[in-house]
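Shown next, in C-alpha cells, is the structure this report addresses.
The values are calculated or read from the model by the stated rules, or taken from the named source; none is laboratory data. As the structure is a computational prediction, the values presented were derived from the model and not from experiment. Here the Cβ is made from the backbone with ideal geometry for all residues, glycine too, and neighbour counts use every protein chain on show.
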Amino acid sequence: MLKKKIIFLLGPTGIGKSKVAISLAKKLHTEIISCDSMQVYRRMDILTSKVTLAQQKNVKHHLLNIIDPAREYDVARYRRSALAICDQLFSRGKIPLFAGGTGLYYSVVVDGLFAGVPEDKAIRLRLQKQLKARGSGYLHRRLVKVDPVAAARIHAHDSKRVIRALEVYLKTGQRISDLQRQRVGLGAEYEIFPIALNASRASLYQAIDLRVKQMFKAGVVREVKSLLKSKPSRTAAAAIGVPEIRGYLKGQYGLLECQKLMQRNSRRYAKRQLTWLRKDKRIKWIKVKRKETSGAIASRIYRQLYK
C-alpha cells in the first residue's frame, strides 16, 4: 500500500513562502496548514505578514487567528490541531500542505513530540533565578557542557527551551537530545516531502528590509500599540517587532531607528532559520531566482513532487 503524502514548504522569513504556497495549493487542489508560531495569534496581521482575507478566500488556510495574544500557545497544542486537520484533508482525498518558517512546528509534526519528563518546579525555579541573575548566556554555556547537541539546536536567547533542556538533565541525568531521538511522528507513517526555499543572501536581506518598510507604511506601530494594551503573553510579546516598537513608544529611540532594529533582527532570525533547516538532511532546497514569480516557483516544486 502506498503511503499518503504530506508536503512542507519551509524557508526563512521574507522569502515569499505564503504566495508560493497558495500557487502550489491551487495546483494540488488542496488547503494550507500554517506552520508559523506567531500567525496563530489574532490581531497580529501586519506584524506577522499574514495572508490577506482575499488570499484566504482563494485558498483555505488552517491554524491562522485561532488564539488571543494574551494566551500562551505551545507545540503540543499545535501538533494535536495539525494532525486532526491532516486527517480531515486525507478523508477528502487532499494532500496536506504545510507552509511556514517555524522549524519546531515542522519537527513535532514529522518526528513527534518529546513529552517524557514531567516538569520539576523546584529545578525550574532555581534555573529561572539564575537566568534573572546571570543572563541567558550563562545558562546556555551550562547546557553546552552537559548536552552540546541540544545547545547547538537552541539559540542562546531562547531561555525557555534552554531551561527545559537543563531541567531534564538535572532531573534525570539524561540529555534531552538523546531522549528526543526516541520520538515517533508522521514521518514513520506517511511519505513526507519537506521543501525549503532559499535565495542569495543579498536578495533575501533586501526582501526582508523592504517587507519591514512596508509594515511601517501599513500601520504596524498602531497594531503593536493596540496589542500591548491587551497585555500579550510572553510568546506573543516575543514576536519580532513587539520589543522594538515598545522601545520606540517608550521614547528610547526614533521611528527610523525602530525600523532599522526590526530589519536587523529579522535578518538575524532568517539566518537562524536557515541554520536550523540545513541540519535536516531530508529537506530538498529550491533556490529562488531573481524576479521569479511565485507561480513559477510553485511549478518547479510541483515537477519535483511528481517527476
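Considering every residue within region 272-285, establish whether at least one is of a type in the set (D, E, K, R), in the same structural domain as Leu104 (by TED's automatic domain parsing), without any contact (Cβ under 8 Å) to a residue 40 or more places away in the chain and in a loop (DSSP other than H, G, I, E, B).
yes
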task: Scan region 84-103 for residues that are loosely packed, with under 15 Cβ neighbours inside 10 Å, part of a helix (DSSP H, G or I) and not small (Gly, Ala, Ser) and jot them down.
output: Asp87, Gln88
message: So, Ile33, is that one crowded, with 24+ Cβ neighbours inside 10 Å and either in the same structural domain as Val288 (by TED's automatic domain parsing) or in contact (Cβ under 8 Å) with a residue 12 or more places away in the chain (or both) or not?
response: yes
- prompt: Does at least one position in region 61-74 carry a residue that is assigned to a helix (DSSP H, G or I) and within 23 Å of Thr293 (Cβ to Cβ)?
  reply: no
field: Sole exception among (1) in contact (Cβ under 8 Å) with a residue 60 or more places away in the chain; (2) within 21 Å of Val242 (Cα to Cα); (3) surrounded by fewer than 16 Cβ atoms within 10 Å (Cβ to Cβ) for Ile66, by number
entry: (1)
task: Confirm whether Ser233 is within 24 Å of Ile22 (Cα to Cα), surrounded by 14 or more Cβ atoms within 10 Å (Cβ to Cβ) and small (Gly, Ala, Ser).
output: no
field: Among (1) among the hydrophobic types (A, V, I, L, M, F, W, C); (2) surrounded by 13 or more Cβ atoms within 10 Å (Cβ to Cβ); (3) modelled with pLDDT of 95 or more, the one test that Leu256 misses
entry: (2)
task: Being within 23 Å of the chain's Cα centre (by Cα) and among the β-branched types (Val, Ile, Thr) narrows it down to one of Val40, Val144, so name that one.
output: Val40
field: Positions within region 163-178 being under 18 Å from Val108 (Cβ atoms) and surrounded by 17 or more Cβ atoms within 10 Å (Cβ to Cβ), in sequence order
entry: Arg164, Ala165, Val168, Ile176, Ser177
field: Any helices (runs of 4 or more DSSP H) falling wholly within region 157-259 and containing at least 2 residues that are assigned by TED's automatic domain parsing to the domain that holds Gln128 and closer than 22 Å to Thr48 by Cβ
entry: 159-172
